[in-house]
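Read through the structure below, which is laid out as C-alpha cells, and then see the notes.
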Amino acid sequence: MPISISNQDLEDFLNEKVEKYNQPEFIETDPIQVPKQFIKKENIEIAGFLAATIAWGNRAAIIKNALRLMAMLDNQPHDFVLNASEEELNRLQKFVHRTFNGNDCIYFIRSLRNIYKNREGLQTVFENGYQTEESVKSALAHFYSVFFETKGERTRKHISNVNKGASAKRLNMYLRWMCRSDKSGVDFGLWNGIPQRALMLPLDLHTGNVGRKLGLLQRRSNDWKAVEEITAFLREFDPNDPIKYDFALFGLGVFEKF
C-alpha cells in the first residue's frame, strides 16, 4: 500500500535522495564505471552500450563481466568493432553473462560494426529516431530496427522492443548515461540531440516497487505503459530533468531496502 504523503513532501524527499545518490561515489558500485574508463567518445558509447546490455542480475557480476568483455575487446572497443578479424571475433565465443552468450556477443559486434560503418554511429541512430516528442520511444523503436538489419544470428531477446510494450530498462539507462548532464558528473551528457526532458525512467524491479510504495505508479506490470506513467509523475517535479529521480528510486530500493 502506498504511503500517505503530500506531493510537496514527496518531491522534497526525492530531491534529498537525488542529492545523496547522484554523486561520484555512486560510480564505484554501478556499471557506469565501465565506460568511465575511456576518454574517446566512441569507446565510451560502445563500452556503455555493452555494459548496459548485460546489466541485469548481481551488480558485482555485471561489472566484473563487463570489464572482462572490455579486456576481450583489447580495451579498445571502437577499434575492435571496426577492425576485428574473424579469428579475433571468435575469441568472444568464450564470453557469457547469464543468458547472453558468445554467439550473442559476436552478433552485437557485427551489428555495431554496421552501425559505425554505415549508420554514422550509435548517437546518430538514436538521434535520427527521436522525433521531437516528449518521449524517446520513437528513438528506441528506430534503434531496434537498425540493430537487427544485420544479416545473421538474431539475438532479439537482448534488445527491448518498445513497440511490443517492453519497459526497455537497460536502453533507457544507457540513454540516461549518454544524454543526461549535470554538475555531479555521474552521467556523461555526450549526446545533445535528445533533450534530457524526453528521457524515460529505467524501470526495473527496484524502481517499480519503490515507485508503487510512494504512490508514483499504479500499474502493476513493469512495462512501457508503467514507464510512461511513472515518468509523467516525475516530470511534475522536474519537467526538464525527470530522470534524475532514477538515482533516488534506485538508491532507496537497492541501498536502503525501502
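The values are calculated or read from the model by the stated rules, or taken from the named source; none is laboratory data. These figures come from a predicted structure and were not determined experimentally. Cβ sites come from the backbone with ideal geometry, for glycine too, and all protein chains shown count toward neighbours. Side chains are part of the model used for accessible areas, which takes the heavy atoms of the whole protein and leaves out ligands, DNA and RNA. Shrake-Rupley method; radii C 1.70, N 1.55, O 1.52, S 1.80 Å.
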Pairs returned, first residue in segment 77-92 that is under 16 Å from K117 (Cβ atoms), second residue that is in a helix (DSSP H, G or I) and open to solvent by 90 Å² or more (accessible area, probe 1.4 Å), beta-carbon separation under 8 angstrom, 6 or more apart or interchain, are L82/K117
**Prompt:** Quick one: is D182 open to solvent by less than 30 Å² (accessible area, probe 1.4 Å) and of a type in the set (D, E)?
**Reply:** no
Residue check, R180 within 14 Å of the chain's Cα centre (by Cα) and either over 17 Å from E45 (Cα atoms) or in contact (Cβ under 8 Å) with a residue 40 or more places away in the chain (or both):
yes
Going through segment 162-199 in order, the residues found to be of a type in the set (A, V, I, L, M, F, W, C) and either more than 22 Å from E19 (Cβ to Cβ) or touching a strand residue (DSSP E or B) at 6+ places or on another chain (Cβ under 7 Å) (or both) are V162, A166, A168, L171, L175, M178, L190, W191, I194, A198
Residues in segment 38-48 that are surrounded by fewer than 21 Cβ atoms within 10 Å (Cβ to Cβ) and either in contact with a helix residue (DSSP H, G or I) (Cβ under 9 Å, 6 or more places away or on another chain) or of a type in the set (K, R) (or both) total 4
Quick one: would you say I109 is under 21 Å from I32 (Cα atoms) and in a helix (DSSP H, G or I)?
yes
Residue hits (segment 114-137; modelled with pLDDT of 95 or more, part of a loop (DSSP other than H, G, I, E, B) and at negative phi) are R119, Y130, V136
*For segment 81-90, indicate whether the set of residues that are part of a helix (DSSP H, G or I), open to solvent by less than 10 Å² (accessible area, probe 1.4 Å) and over 22 Å from K169 (Cβ atoms) is non-empty.*
yes
For segment 193-228 the number of residues that are farther than 23 Å from E256 by Cβ and either crowded, with 24+ Cβ neighbours inside 10 Å or in contact (Cβ under 8 Å) with a residue 12 or more places away in the chain (or both) is 12
(message) Taking the criterion of being closer than 22 Å to N163 by Cβ, modelled with pLDDT of 95 or more and under 18 Å from the mean Cα position of the chain (by Cα), would at least one residue in segment 211-222 satisfy it?
(response) yes
Reported set for segment 229-256 where residues are of a type in the set (F, W, Y) and buried (at least 22 other Cβ atoms within 10 Å of the Cβ) is Y245, F247
Note: among F13, F100, just one is open to solvent by less than 70 Å² (accessible area, probe 1.4 Å) and at pLDDT below 95, namely F100
